[in-house]
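Only the coordinates and a few stated rules stand behind these numbers; no lab work does. In this text, all values refer to a predicted model and were calculated from it rather than measured experimentally. When we count neighbours, we look across all protein chains shown, and the Cβ atoms used for this are built from the backbone with ideal geometry, even at glycine.
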Amino acid sequence: MERKHTRAARKPERIGQLLTVAAAAAQSLARERLRPLGLTPRGWAVLSALAEGGPRPQIDLATATGTDRTVMTYLLDDLERQDLIERVRDPSDRRSYQIHLTRRGEETHRRVASDLAAQADTLLRPLDAPERQRLADLLARVADGWAVRQGTPALAARSSQALAALDALAGAESRTRRRTRRPTRSRVV
């Protein structure tokens, strides 16, 4: 019965369902780490975008994180109240603000990134390091391909950036396994 169940899960028409389940698991694990810090996955996306891409206008930040512009305003208000970001008037356009990470925002980002890597390790535990790397590469290609198909190539880099942490995790897991020398197990293909 187990073998039949495994084959059924690999049917191409189930890929959306499997991705949904995996995404829900990842979001649940992320919320566990973020909630005690007063952050949400959307708030984390903003901190990450700023940490990876530097200060930028609110509209660019909304586009980079796939967040509605109105929602972004409320999200930035909340992050500003927590002293994680600051709005700085753009000297070249007085109507616009550049969004910057504060020192506290930078420190929070570093700490949370480490925590989320541990959560990703929990999620990806069934996979070895090469499988993790392959998964990250394949998901980045799918996400980038979809962005291009939608006519938004500027967003294509976003998926690769978001999955860069998985690349680092796969490398860290590989180093850990070399040190601990766990026995290998056979896999059903």
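Things worth noting here:
- Each of Leu34, Thr73, Ala49 was placed along the dipole of the stretch 18-75 (beta-carbon charges, centred on the mean Cα), and the one lying farthest toward the positive end is Leu34.
- Total charge dipole magnitude, the stretch 6-124, about the Cα centre, Cβ charges on Lys, Arg, Asp, Glu only, Debye to nearest 20: 360
- Relative contact order (%) - the stretch 1-125, alpha-carbon pairs under 8 angstrom, separation at least six: 26
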